[in-house]
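Written out below as structure tokens is the structure these notes cover.
Only the coordinates and a few stated rules stand behind these numbers; no lab work does. This is a predicted model, so every value here is computed, not measured. Methodologically, a virtual Cβ is constructed for each residue, glycine included, from the backbone with ideal geometry; neighbour enumeration extends over all protein chains shown.
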Amino acid sequence: MSRYDRQIALPGFGLASQERFQHATALVVGAGGLGCPAIAYLAGAGVNLTIVDSDMVELSNLHRQVLYAQSQIGQPKAELAAAFARRLNRDITVVPVVQRLGGHELVNTLVASADIVLDCSDNLPTRYLLNRACFGSQVPYVWAAIGGTAGRCSVSADGSPCFECVTGPMTSRPGPSAPATFGPSCGMLGSLAAGQALMKLAGVGNLLTGRLANIDLLTGEMDVIDIAHNPTCETCARPTCNTAAKF
């Protein structure tokens, strides 16, 4: 009680929500700029974690990926992030997966074993795989993306528009790039994604389902716009789109 009393006291949360956190597993894909704050806040709240990232820590990561130290360059991010989460909260279960999500079978297995998915990855093929796996398994999908000083976040659950409704089919998207990135923007968007996940698990708040949050720290502009189903979406434009999710 003393550990979680400040969040238990929040309107709409209480002991029931805390028990849901402690029995839930969040799949966090990507332990980089977005994943670091998301992992920290989910672990702090008492949510069990599966952390997926195939990358090793590099010097250029350290201005925004705040779970890692310069002495840890060359070590696996997933294992380091898992160790951090365990130090923060020894009462949760944390499983690192040092592997790239390149195949449908692994993605589907990981998603089906989770209660919610946070997509903090940095490449579009992974995002499309996760979006489709979450839709197929009826698992809520929280995604955030960052570029420069700006970022966006949304939630796909309970029949709301999916990631592909917002971005269009994979074949129409540009190839991967390595844009300049502002560290605090990663912190804000990763924290927003964690907040959406916790509220979804708790069943409280006005989530970003059917909406897209856009934030730019350089200009100070923040807005939330409504998004609609794309009737030609290859993922969710089908009758099963409105079936209930786990939470």
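Structure above, values below:
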quantity	calculated
Exposure proxy ranking, count of Cβ atoms within 10 Å, fewest first, for Val142, Val155	Val155, Val142
Relative exposure of Glu79, Glu234, Glu105, judged by other C-beta atoms within 10 Å (fewest first)	Glu105, Glu234, Glu79
Sorted by Cβ neighbour density within 10 Å, fewest at the top, the residues Met188, Met170	Met170, Met188
Proportion of all alpha-carbon pairs of the range 70-139 beyond 14 Å (%)	66 percent
CD proxy at 222 nm, helix term only [per DSSP H run n ≥ 4: -39500 (n - 2.57); per residue of the chain; nearest 500]	-10500 deg cm²/dmol
³J(HN,Hα) computed for each position of the range 67-81 - Karplus, 6.51 cos²θ - 1.76 cosθ + 1.60, integer Hz, glycine/proline x	7, 10, 10, 4, 5, 9, 4, x, 9, x, 4, 4, 5, 5, 5
Whole-number D in µm²/s for the chain (Stokes-Einstein; Kirkwood sum over Cα pairs; 25 °C, 0.890 mPa s)	136 µm²/s
